[in-house]
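Engineer: First the structure, which I've put down as structure tokens, then a few questions once you've had a look.
The values are calculated or read from the model by the stated rules, or taken from the named source; none is laboratory data. All values derive from a computational prediction rather than experimental measurement. Methodologically, a virtual Cβ is constructed for each residue, glycine included, from the backbone with ideal geometry; neighbour enumeration extends over all protein chains shown. Ligands, DNA and RNA are stripped out before the accessible areas are found, and what is left, the full protein with its side chains, is counted by its heavy atoms. Shrake-Rupley method; radii C 1.70, N 1.55, O 1.52, S 1.80 Å.
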Amino acid sequence: MEYNALKICDSKAEDILKRLFNIKGTASKLPGEVDFNFRIHLENHEEYVLKISRPDQDYNLLDFQQKLLFHIENNNEILIIPKPIRDIDGNYISEITDDFGNKRKVRLLTWIPGDLWNSISTYSDGLKFTLGQQCGLLTKSLQGFDHKEAHRAFVWDVAQSLWTKEYLYLFSGEEKEIIQNFQRLFEKSQPSYSTLRKGIVHNDANDNNIIVSSDSFSPSVKAVIDFGDSCYTQIINDLAIACAYAVMNHNDVLEAALPIVKGYHSAFPLLEVELEHLYNAVAMRLIISVTKSAINKIKEPNNKYLLISEKPAWEVLKKWHIIDSNFALFSFRNACGFNAHPNEKLFLTWCKKYTFNVSDLFPSIYSNNILPIDLSVSSKWINQVDDFNNLSLLESKIKEFQKEVPHKIIAGGYLEHRSIYTTDSYTKAGNSGIKRRNIHLGVDFWLPANTPVHTILKGVIVTSTYNSENKGYGGLIIIKHSFAELCFFTLYGHLSHYSTTLHKVGEIVEQNEKIGELGTNYENGNWVPHLHFQITLSLLNYINDFPGVTYLSELDVWKSICPNPNLLFIQESLSKLNNI
């Protein structure tokens with residue numbers, strides 16, 4: 001039957017309300033995918049939600065929803081949920097015959113006052129935390145509850161989302177490639193994904209189902225409504241759905257998701273293995289959404305609610321697609337209080353077994369003594385951005401400094417907050433304005449151009465490239481070091497162009513082997529000559545580049561991925577200036 005023939009007008013809803021519940025009120029339409037929903041306002045200011053089903057709605061499915069609400073009410077005194085109202089015959093589920101002779105189910109629920117999520121102008125991290133918290137509390141309250149209808153075949157269940165493969169023909173170009181990529185990842189993850197914790201969850205915390213308090217100073221999520229999509233599925237899917245919708249209309253969608261993850265975990269602790277699947281679960285929910293929209297454009301073109309999330313869903317999906325899945329995982333782990341990189345502790349233990357000398361890096365210098373230098377925003381040695389970018393001035397100051405201590409190597413910089421990264425490549429649009437990468441992730445060793453650089457460990461060259469961009473790396477070499485218990489990478493930046501021709505990618509270099517020389521400012525990215533030395537436990541999806549500085553908002557994640565290089569040298573002087 002066509003959508004227009006199924007619709008119920010406001011006056012008809014008012015008649016149904018009076019006939020079944022003996023309540024006289026004013027009805028106004030509410031959005032809904034399946035049911036026809038109405039807000040009911042009484043003269044005494046009481047309010048309700050009237051829900052009228054489509055023809056031949058399964059009674060057992062509605063019974064599942066009613067019993068779920070009763071279970072939450074009986075098992076959680078904190079949560080605010082809609083309460084079912086009996087009709088004049090004492091039934092929670094009523095039945096009418098519409099003008100076309102179709103049997104349709106009717107329910108009445110209490111109204112929860114507040115603002116819808118999609119009407120809020122500003123989404124603070126605190127507000128997003130309470131969204132995650134509410135969803136987590138709901139999941140916690142539903143533990144132990146079961147109903148046969150929760151196990152139904154259901155297109156909105158992320159676990160069953162591969163049905164979308166049948167509709168790939170509706171898409172083309174970039175959009176089709178994005179969908180196929182996530183579908184492949186989801187299929188590949190099934191052996192682990194299928195073993196995750198399962199339970200009945202809300203499964204639909206979209207922006208029309210989230211009620212926010214009317215407190216303009218510090219709003220919080222007070223309730224999540226509409227349990228029509230509740231089902232038995234992997235618990236992590238519930239969090240994924242909350243994230244998928246709540247990050248819409250944000251520049252940095254991953255950053256926007258993290259308070260939600262943190263809030264959910266605070267109410268319902270997540271397992272590390274579950275977090276491994278969150279990134280793809282978010283994507284698969286969005287794919288369900290855009291696929292349903294594409295289908296409904298053909299099937300029910302007049303039902304605008306079915307298309308309401310299409311544009312923002314695609315915006316998120318395209319942004320989500322370019323996020324490295326491992327970086328997303330590390331960020332989720334950090335939000336939940338785990339070590340961002342799962343091998344961080346293992347690396348710290350490894351470092352306790354091995355110690356190296358700075359002279360292993362620079363055998364020609366014959367020195368292991370470090371003189372720390374402060375190039376942070378609070379530096380008293382050089383405190384102007386213009387001074388730092390004045391190569392002749394900075395080089396002159398460093399040379400004078402070196403003359404004062406000829407037997408020491410000037411070095412420092414790990415986690416320094418610097419104001420010297422001024423090109424556009426160091427900025428991006430954040431959720432609260434422009435963000436700048438200005439936290440240094442390596443140690444800089446300030447030595448003359450052409451100083452030989454050696455690797456401290458045997459490894460395999462995985463990157464050997466030259467970047468001529470202003471404020472880039474110049475010559476860059478990255479070496480992978482593999483051991484029985486772990487692998488990690490050492491990064492050597494600001495080398496000469498010639499250095500990148502000495503070894504090919506895939507070539508093995510021995511411990512203490514020369515890998516290059518420091519470049520001049522004309523070939524090292526336009527810097528005063530120095531070596532940028534960095535450790536990383538993962539290369540993420542980078543091939544011929546890797547971040548040497550990060551955003552303050554991502555610092556906790558990056559310092560887990562890129563531990564302090566001084567862990568290899570144990571130089572007390574290098575530890576003194578870490579100012580973050």
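Engineer: Where Rh denotes the Kirkwood radius from the mean inverse Cα pair distance, what is Rg over Rh for the range 28-85?
Structural biologist: 1.01
Engineer: State which entries of K165/K262; K380/K471; K403/K559; K176/K311; K471/K504 exceed 26 angstrom in Cα-Cα distance in the structure shown.
Structural biologist: K165/K262; K403/K559
Engineer: Measuring with a 1.4 Å probe in the full set of protein chains, what accessible area per residue, in whole Å², belongs to the chain?
Structural biologist: Result: 44 Å² per residue.
Engineer: Can you tell me the FRET efficiency between S364 and I543 if r is taken as the Cβ-Cβ distance and R0 is 22 Å, rounded to the nearest 0.05? Working shown, then result.
Structural biologist: Working: r = 31 Å, r/R0 = 1.42.
Taking R0 as 22 Å, the efficiency between S364 and I543 is 0.10.
Engineer: So how do V155, V261, V49 rank on accessible area, 1.4 Å probe, biggest first, that is with the largest at the start? Intermediate results must be reported in sequence, preceding the final value.
Structural biologist: Numbers: V155 60, V261 0, V49 25 Å².
From most exposed to least exposed: V155, V49, V261.
Engineer: Would you mind computing Rg(Cα) / (2.2 N^0.38 Å) for the range 3-110, counting N as its residues?
Structural biologist: Relative to the rule-of-thumb radius for its length, the range 3-110 sits at 1.06.
Engineer: Heavy atoms only, 1.4 Å probe, whole protein assembly: order H440, H71 by accessible area, highest first.
Structural biologist: Numbers: H440 5, H71 35 Å².
From most accessible down to least: H71, H440.
Engineer: Relative contact order for the range 3-110: what is it in percent, counting Cα pairs under 8 Å that are at least 6 residues apart?
Structural biologist: 23 percent
Engineer: Under a 1.4 angstrom probe, counting protein chains only, how are V462, V557 ranked by accessible area, largest first?
Structural biologist: Accessible-area ranking of V462, V557, largest first: V462, V557.
Engineer: What Kirkwood Rh does the range 115-336 have if only Cα atoms enter the pairwise 1/r average? Answer in Å.
Structural biologist: Roughly 17.5 Å, rounded to one decimal.
Engineer: With +1 assigned to the C-beta of every Lys and Arg and -1 to the C-beta of every Asp and Glu, and no other charges, what is the dipole magnitude of the chain about the Cα centre in debye, to the nearest 20?
Structural biologist: On the way: 57 positive and 66 negative charges, 70 e Å.
Dipole magnitude for the chain comes out near 340 debye.
Engineer: I've got another one for you. Just for the range 343-577, what percent of DSSP beta bridges are antiparallel, to the closest 5?
Structural biologist: If we restrict to bridges inside the range 343-577, about 95 percent are antiparallel.
Engineer: So if we plug the beta-carbon distance of D98 and H41 into 1/(1 + (r/R0)^6) with R0 = 25 Å, what FRET efficiency do we get, rounded to 0.05?
Structural biologist: For D98 and H41, the calculated efficiency is 0.60.
Engineer: So what's the angle, to the nearest 10 degrees on a 0 to 90 scale, between helix 310-321 and the longest Cα principal axis of the chain?
Structural biologist: Its long axis makes an angle of about 30 degrees.
Engineer: Work out from phi, with θ = phi - 60° and the Karplus expression 6.51 cos²θ - 1.76 cosθ + 1.60, the ³J(HN,Hα) of each residue of the range 8-14, listed in order in whole Hz, and give x for Gly and Pro.
Structural biologist: Once θ is set to phi - 60°, the couplings for the range 8-14 become 10, 7, 4, 5, 5, 4, 5 Hz.
Engineer: Next up: Could you state the number of Å between the C-alpha centres of the range 318-362 and the range 483-550?
Structural biologist: The range 483-550 and the range 318-362 have Cα centres separated by 18 Å.
Engineer: Let me ask something else about it. Roughly speaking, what is the stretch gain from C9 to L168, that is 0.36 nm per residue apart minus the C-alpha to C-alpha distance, in nm to one decimal?
Structural biologist: 53.6 nm
Engineer: Let me have the relative contact order for the chain, percent, based on Cα pairs under 8 Å that are six or more residues apart.
Structural biologist: 11 percent
Engineer: Considering only protein heavy atoms and a probe of 1.4 Å, how much of the accessible area of the range 343-577 is carbon and sulfur, as a whole percent?
Structural biologist: Details: 5090 of 10210 Å².
The nonpolar share, carbon plus sulfur, comes to 50 percent.
Engineer: Then there is this: Using the beta-carbon distance between E572 and N450 and R0 = 35 Å, what value does 1/(1 + (r/R0)^6) give for FRET efficiency, to the nearest 0.05?
Structural biologist: Rounded to the nearest 0.05, the efficiency is 0.75.
Engineer: In the range 12-146, what percent of the accessible surface is made up of carbon and sulfur (1.4 Å probe, ligands and nucleic acids excluded)? Let's see the in-between values first.
Structural biologist: Numbers: 3120 of 6710 Å².
That fraction is 47 percent.
Engineer: A further question follows. Just subtract the alpha-carbon distance of Y59 and I78 from 0.36 nm times their residue separation and send over the number in nm, one decimal.
Structural biologist: Working: separation 19, 0.36 × 19 = 6.84 nm, distance 2.91 nm.
Taking 0.36 nm per residue and subtracting the Cα distance, the gain is 3.9 nm.
Engineer: Also, quick follow-up: Please list the three semi-axes, largest first and in whole Å, of the ellipsoid equivalent to the chain, using sqrt of 5 times the eigenvalues of its alpha carbon gyration tensor. Can you show the working numbers first?
Structural biologist: Working: eigenvalues 688, 103, 86 Å².
Whole-Å semi-axes of the equivalent ellipsoid: 59, 23, 21.
Engineer: Report, by chain and number, residues whose modeled amide H sits under 5 Å from the one on L447, excluding near sequence neighbours (fewer than 5 apart, same chain).
Structural biologist: H530, L531
Engineer: Moving to a separate point now. Could you please tell me the mean projected area of the C-alpha convex hull for the range 426-539, averaged over all directions and given in square nanometres to one decimal? Mind dumping the intermediate values first?
Structural biologist: Numbers: hull surface 32.2 nm².
Convex hull of Cα atoms, orientation-averaged projection: 8.0 nm².
Engineer: Would you calculate, for the chain, the mean residue ellipticity at 222 nm contributed by helices, counting each DSSP H stretch of 4 or more residues as -39,500 (n - 2.57) and dividing by all residues, to the nearest 500?
Structural biologist: So the calculated ellipticity at 222 nm is -9500 deg cm²/dmol.
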